[in-house]
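Each remark here refers to the structure printed beneath this line.
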Amino acid sequence: MKKIVNVIAIFLVLFLLTFTVNIYAATLDNLDIKTDKETVHPGETVTLNVAFGQEMGAYTVNVDYDENLLEYVSAEGGTTNNTGSKVIVVYYYNAGGSETPRSSMSVTFKAKEGIITTNPTDLSITLTGLGDPDANSIDDITVPIVKNLIVEPVYVDYDISLNYTGEIIPKEEKDMEIVISSSMGKNYEHTRIIAEVVTPNGESVKLLATDSQSLEHDIIQSGWGSADGDSIGGKDVVKKLATRGVFSGYGDYSITLKLIDRDNSDSIIASKTFTIAVKEKTAEIVPPAEEQVPPVADNKPQQTTPSTLPKTGNTIYLSILPIVAILTIAYISLRKKK
């Protein structure tokens, strides 16, 4: 009899141990938490989706966020409380009531306006008060599950220009200005400017700049900037560098300017190639003055128009008198012959 009691006791202990393990061993083995994007721009939304991997009768989901970068928009899947830096979503399944078991929930945030730099951040999620629809408990998840995000503006690529005016004369310094600009430039802590050239056969070129210590540097030979590099970035960023170009002779020169990132194995941030034509200076051609051709003398007698017309009355009488005299003499001669 005593043996039977011992056997029953052993089986009872094993049963209780098995039952206890079943109670406390329930976990969310298929839990899947993810965001619909990893980079968020100002004014854009990002949604955190929690898929439990099974039907749930109860849960409390806690989502911690950076209120300096994100603001709460909405949640789906329970009663929501936003504390300003944490969103708490609580859900209870009421058998026979209007609620039904749920297998997922979500929380939506929006990136704040006015952000002009890249900001790594994260959403930190814990789950408590977990239970299935039959009121069986499921282990809480108190070690935060972290989903990383980057909140940053929409960056505009950097543009490089090389500005100068007038003609370039061989072996004479030419003032030139390098300008690197962007309306919304990505931030880099350590950058340098380097240059590459292709010259006509036998020719060379220098691109000289003077630093704050009055030391002259040839950008083509040694680049420009401190050894560690200089920072750049932000809204409406413009970086100008005064240089002097010296070209040894005539021909077409190709200069490629590059902005490189020292923190990323000198990777190229921006690059642009400029073709510069150095030509012989052409003298200004002045058209010869028109010759003044002297007027050709005209040997023909020039007819002049009298300013005063002659009187015609006496002239007529003088012409008639000789005729009258001749006629008179003829008449007298004829009379004598008779």
Which ranges mark the strands (runs of 3 or more DSSP E) fully within region 98-212 that have 2 or more residues being open to solvent by 20 Å² or more (accessible area, probe 1.4 Å), at negative phi and polar (S, T, N, Q)? 102-111, 119-131, 141-151, 159-163, 174-198
For region 221-253, enumerate the residues that are under 18 Å from Lys174 (Cα atoms), open to solvent by less than 30 Å² (accessible area, probe 1.4 Å) and either of a type outside the set (S, T, N, Q) or not in a loop (DSSP other than H, G, I, E, B) (or both). Leu241, Thr243, Gly245, Phe247, Gly249, Gly251, Tyr253
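State whether the residues of region 174-184 include one that is within 30 Å of Thr117 (Cβ to Cβ), hydroxyl-bearing (Ser, Thr, Tyr) and in contact (Cβ under 8 Å) with a residue 60 or more places away in the chain.
To start, the set of residues in region 174-184 that are within 30 Å of Thr117 (Cβ to Cβ) comprises 177-184.
Filter again for hydroxyl-bearing (Ser, Thr, Tyr), leaving 181-183.
Restricting the remaining residues to those that are in contact (Cβ under 8 Å) with a residue 60 or more places away in the chain gives none.
No, every residue in region 174-184 fails to be within 30 Å of Thr117 (Cβ to Cβ), hydroxyl-bearing (Ser, Thr, Tyr) and in contact (Cβ under 8 Å) with a residue 60 or more places away in the chain.
Filter region 226-246 down to the residues that are under 21 Å from Met176 (Cβ atoms) and of a type outside the set (A, V, I, L, M) and list them by number. Give the derivation first.
To start, the set of residues in region 226-246 that are under 21 Å from Met176 (Cβ atoms) comprises 230, 232, 237-246.
Passing the criteria: Asp230, Lys239, Lys240, Thr243, Arg244, Gly245.
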So which residues in region 26-80 are part of a strand (DSSP E or B), open to solvent by 60 Å² or more (accessible area, probe 1.4 Å), among the acidic types (Asp, Glu) and in contact (Cβ under 8 Å) with a residue 40 or more places away in the chain? Glu55, Glu71
When region 254-285 is examined, which residues are found to be out of contact with any Leu (no Cβ under 9 Å at 6 or more places or on another chain) and open to solvent by less than 80 Å² (accessible area, probe 1.4 Å)? Ser254, Thr256, Lys258, Leu259, Ile260, Asp261, Asp266, Ser267, Ala277, Val278
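The values are calculated or read from the model by the stated rules, or taken from the named source; none is laboratory data. Given the structure is predicted, the values throughout are model-derived calculations rather than measurements. Every residue, glycine among them, receives a Cβ derived from its backbone with ideal geometry; neighbour counts consider all protein chains shown. Please note that ligands, DNA and RNA were not included when accessible areas were found on the heavy atoms of the full protein model with its side chains. Shrake-Rupley method; radii C 1.70, N 1.55, O 1.52, S 1.80 Å.
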